[in-house]
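One structure is given here, and the rest of the page talks about it.
The values are calculated or read from the model by the stated rules, or taken from the named source; none is laboratory data. Only a predicted model underlies this, so the values are computations on that prediction, with no experimental measurement involved. Glycine also receives a Cβ, built like all others from the backbone with ideal geometry; neighbour counts cover every protein chain displayed.
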Amino acid sequence: MKHVKTIGIIGAGLSGLTTAKTCLEYGFDVVLFEKNADLGGVWSASRRYPGITTQNTKDTYYFSDFPMPKHFPEWPTGEHVQSYLMAYARKFGVFPFIRFSHEITNTSFQNNTWMIKGKKAGIAFEEQTDFLIVCNGTFSDPVIPQIPGMDSFIKANGKILHSTQFRDTELAKDKRVIVVGYGKSATDVVTEIAKTALSTNLVFREPKWKIPRYVKGVNMKYLLLNRLGEAFITPADQHNRMDRFIHKIGLAKKMVSFMEKYTRKKQMLDELGLVPLSGIKEQAFGEISLETPGFFEKVKNGEIVAKQGEIVSFNGREVTLSGGEQIICDMVVFAVGFQQTIPFLPDYFMEKLLDQQGNYILYHHILPAGIPALAFVGYNSSIQCPISSEFAALWVCEYLKGRISRPTEEQIIREGTEFIRWRLKFRPNGASRGLSTMPGTIHHVDMLLKEMNTPLPFFSLIPDWLLTINPGRYKKIREKIIRRNKKTV
């Protein structure tokens, strides 16, 4: 796509920032639109809840050429991550290209040009670019389900929030609160709420596995945040030679079994009635999460009352659960996730992007069919999202420079459809419109590197397997790709 000179990027979260930096390195003119007044996406001060931390340790969650500061805690908070992203944007000159408080409302594509329209403080704006990259992420549209009687609860001065709207524990002080969900945000929020609330209930459909931060005194990163950990849980049809060996000798089965038994005992899951119905491998498609410190202890001592079920109706301040139980409460916080929506794309483009079930059909989680001047970065949940987004951005730039051929429309549709079918085969309830490279994120990065003719050197693979996935080991590969581009310009 030699004609591409200007690129519009939507979303200044983690993926948008690394995409903008990469596009600038390739010599493109960039404009980055962010609807909030600050950067960071889910880490933005306008969205993060009290107690939010990364699920990765600081030495496994950073861009390859910009380590997290050493003084950060092992699991950085939301405030730490946002400050890291701000420092990244400053160091690499991205800030001047960000247009804050610019919400995109409509886009159209004609004569090889995107017309991007939106509003800033109620004032309309327009911008034209040759190419568009969507980076509004997997956490773009908070979900609050519509339940009968919600209006009566609100009229009775009840408060309904999404977890992204719960930004201060004082909101729950001396209130009777229900938190809905069992993901990381749900257990994080409910643990914080229990510190100030009059009563705290957690309502959830089914319990999920929570990975302990330390296993017999060993940091979980040495067990799971490496290629060995990925090999333990990756389905057989995704195995490489080393993966097959690990499964053949029974190491993977023994390790997963050990983790489940250890977790059940450490977190008192049998005693608390919180044993997940499916195994760690079945929930590895984006459902398992890091343990929230203090959560299980608070459930045990009654500070948090865990109830399996769901809210079926509201009647004033009275909330009825699926089992018939009724609870009087003042506030309900929904921590049930997000929808991955693109409200600024016209319907005829969305019809090309989605299958009949509403799943996104993308090649390598990047390219759609039928829209040649559009790409996505960060449209896949990932335990290693800094490097998966970083190398997806590089892949897009290599594609724009003509060093990666565009697949045919049939290839795009076939790969995207096969991926959805593959996920449904292993975990029907885990598949969704929001794509995910888990549990094979590093396999996905390997594929992108191979297509850019820069596989990870053997000397880097060894510590990747035995220690942790250290993004810094990918720095030289990234620099090699950038240098190669400059030589051919």
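Worth pointing out:
- When ARG167, ARG176 are checked against the criterion of being surrounded by fewer than 24 Cβ atoms within 10 Å (Cβ to Cβ), in contact with a Cys (Cβ under 7 Å, 6 or more places away or on another chain) and of a type outside the set (A, V, I, L, M), ARG176 stands alone in meeting it.
- Segment 286-369 holds strands (runs of 3 or more DSSP E) entirely within its bounds, and those carrying 2 or more residues that are surrounded by 14 or more Cβ atoms within 10 Å (Cβ to Cβ) map to 305-308, 311-315, 318-321, 331-334.
- Scanning segment 245-258 for residues that are exposed (fewer than 12 other Cβ atoms within 10 Å of the Cβ) and part of a helix (DSSP H, G or I) gives LYS248, LYS254.
- Scanning segment 21-46 for residues that are within 30 Å of GLU291 (Cα to Cα) and crowded, with 22+ Cβ neighbours inside 10 Å gives LEU39, GLY40, GLY41, TRP43.
- Test: THR191 is in a helix (DSSP H, G or I), in contact with a Lys or Arg (Cβ under 7 Å, 6 or more places away or on another chain) and at pLDDT 95 or above: yes
- Residues (closer than 28 Å to ASN301 by Cα, touching a Phe, Trp or Tyr at 6+ places or on another chain (Cβ under 8 Å) and of a type in the set (D, E, K, R)) located in segment 216-274: LYS216, GLU260
- When VAL215, VAL179, VAL203 are checked against the criterion of being at pLDDT 95 or above, closer than 19 Å to ARG47 by Cβ and not acidic (Asp, Glu), a single residue qualifies: VAL179.
- Filtered residue count, segment 437-480, keeping only those that are within 29 Å of ARG421 (Cβ to Cβ) and not in a loop (DSSP other than H, G, I, E, B): 11
- Of all residues in segment 225-244 being in a helix (DSSP H, G or I), surrounded by 17 or more Cβ atoms within 10 Å (Cβ to Cβ) and touching a residue at least 60 places away in the same chain (Cβ under 8 Å), the one that is farthest from the chain's Cα centre (by Cα): LEU228
- Test set (1) of a type outside the set (Asp, Glu); (2) part of a helix (DSSP H, G or I); (3) surrounded by 20 or more Cβ atoms within 10 Å (Cβ to Cβ) - MET86 fails condition number: (3)
- Test: LYS266 is surrounded by fewer than 13 Cβ atoms within 10 Å (Cβ to Cβ) and modelled with pLDDT of 90 or more: no
- The number of residues in segment 89-111 being within 24 Å of ILE342 (Cβ to Cβ), outside any loop (DSSP other than H, G, I, E, B) and free of Cβ contacts under 8 Å to residues at least 12 places away in the same chain comes to 1.
- The set of residues in segment 74-83 being outside any strand (DSSP E or B) and either at pLDDT below 95 or not acidic (Asp, Glu) (or both) consists of TRP75, PRO76, GLY78, HIS80, VAL81, GLN82, SER83.
- Pairs linking a residue in segment 119-143 that is more than 19 Å from SER101 (Cβ to Cβ) and part of a loop (DSSP other than H, G, I, E, B) to a residue that is of a type in the set (Lys, Arg) and at pLDDT 90 or above, with Cβ atoms under 6 Å and 6 or more positions apart or on different chains, are ASP130/LYS5.
- PHE125 vs. criteria in contact with a Gly (Cβ under 8 Å, 6 or more places away or on another chain) and either outside the structural domain of LYS21 (by TED's automatic domain parsing) or of a type outside the set (A, V, I, L, M) (or both): yes
- Qualifying residue in segment 307-316 (condition: at pLDDT 95 or above, in contact with a Cys (Cβ under 8 Å, 6 or more places away or on another chain) and not basic (Lys, Arg)): no
- Residue, nearest to GLY337 (Cα to Cα), within segment 147-176, restricted to residues that are in a loop (DSSP other than H, G, I, E, B) and at pLDDT below 95: ARG167
- Filtered by the rule that a residue be assigned to a loop (DSSP other than H, G, I, E, B) and over 12 Å from CYS135 (Cβ atoms), segment 1-32 gives MET1, LYS2, HIS3, VAL4, LYS5, TYR26, GLY27, PHE28.
- Residue match in segment 204-219 (condition: closer than 30 Å to ASP330 by Cα, part of a helix (DSSP H, G or I) and not acidic (Asp, Glu)): no
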